[in-house]
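All remarks here apply to the structure that follows.
Bear in mind that the values in this text are calculations on the coordinates, not laboratory data. Here the structure is a predicted model, which means the values were calculated and not measured. We place every Cβ from the backbone using ideal geometry, glycine too, and count neighbours over all the protein chains shown.
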Amino acid sequence: MRSFLGGEVLGKIERVATGVVGLDEMMGGGVPHLSTVLVAGESGTGKTTLCMQFLCKGAEMGERGLYFSAFSEPPELMLRFISTYEFVNPQYFKGCIKYVDLGGFCEDRERLLQTIEAEVNNFRPQRMVIDSLSVLERALKQEYRPLLLWLARMIRQWPTTTLVAGEPDLGESYPAEIAALVDGVIILYNAEMGCMRRRSMEILKMVGTSHRCGKQAVDISAKGFIVYPGL
Ligand SMILES: Nc1ncnc2c1ncn2[C@@H]1O[C@H](COP(=O)(O)OP(=O)(O)O)[C@@H](O)[C@H]1O
Ligand SMILES: [Mg+2]
């Protein structure tokens, strides 16, 4: 983006395609380049699926993607679970995508920030995912807010487009503390409808983007996370 100087017209913001059909269409091609976007939603709403799709889309185009997991899940198990999705090519995980498990030391703030910083500096990812901040919050307790503020500051300095996953507290639809620090917020829902559930999503905010508002229908299948705008 060019700077606004003496009446010069602002440049267009470069878009980073998420690879999620329908979602990119809702925001003019993708999330803003170098932005940080919160993907919020309760358990099972598709946060991990959407974030993995984002990294796989990058890998398909030769971009490096760094995935930080807070779930203490060995890479083999994670890969086995997500390999049922058609967008996953296991080859991506041998080069373009690096999986880093933070699960073993989630309550150690110093080690967390040292590990995150070292991995980013070594791997130099174009795309990054942190899945999820809410898991880190529960593990870190009063150490969480300093980590969140450090992360918000560091992410702005790294040349990477980032998705952070977060689970809302009971009765809320997104973690407001994270939402205030990021450039975009996407909320995923899986609402109860009698004895059924219906998936949907909405873009709550997205800097520099004239995006579609309101809840849109969603499906998660072997093809991954798909949005049906306007349906
Ligand atoms: N291969 C698949 N085909 C269809 N649906 C799937 C597949 N894998 C996962 N799902 C659906 O997606 C849900 C998991 O989404 P996930 O991304 O793990 O959510 P979250 O990270 O928000 O907890 C599962 O509970 C299931 O309903
Ligand atoms: Mg998940």
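Of the residues V120, V218, V164, the one that moves most in a GNM of the chain with alpha-carbon contacts below 10 Å is V120.
Mind checking the dipole of the chain: about its Cα centre, +1 per Lys or Arg Cβ, -1 per Asp or Glu Cβ, Debye to the nearest 20?
Details: 25 positive and 27 negative charges, 97 e Å.
Dipole about the Cα centre, nearest 20: 460 debye.
Please tell me the relative contact order of the range 34-187 in percent, rounded to the nearest whole number, where contacts are Cα pairs under 8 Å and at least six residues apart. Relative contact order, the range 34-187: 40 percent. Straightening the chain between N121 and L204 buys 26.8 nm, computed as 0.36 nm per residue apart minus the Cα-Cα spacing.
Report, in deg cm²/dmol and to the nearest 500, the calculated mean residue ellipticity at 222 nm for the chain, where each DSSP H run with n ≥ 4 adds -39500 (n - 2.57) and the sum is divided by the residue count. Rounded to the nearest 500, the figure is -8500 deg cm²/dmol.
For the chain, give the share of DSSP beta bridges that are antiparallel, in percent and rounded to the nearest 5; count only bridges with both residues there. Could the numbers behind the result be given before it?
On the way: 19 of 43 bridges.
Approximately 45 percent, going by the DSSP bridge assignments.
Qualifying GluC sites (Glu not before Pro) in the range 77-167, where qualification requires a DSSP coil assignment and no more than 16 other C-beta atoms within 10 Å, comprise E86, E107. Extension gain for L113 to L231 (0.36 nm times residue separation, less C-alpha to C-alpha distance): 38.3 nm. With only the Cα atoms considered, the range 34-187 has a convex hull volume of 103 Å³ per residue. Considering only F105, F123, F81, the mean-square fluctuation computed in a Gaussian network model of the chain, springs between alpha carbons under 10 angstrom, is largest for F81. Taking 0.36 nm per residue of sequence separation and removing the Cα-Cα distance, the K12/E76 pair yields an extension gain of 19.0 nm.
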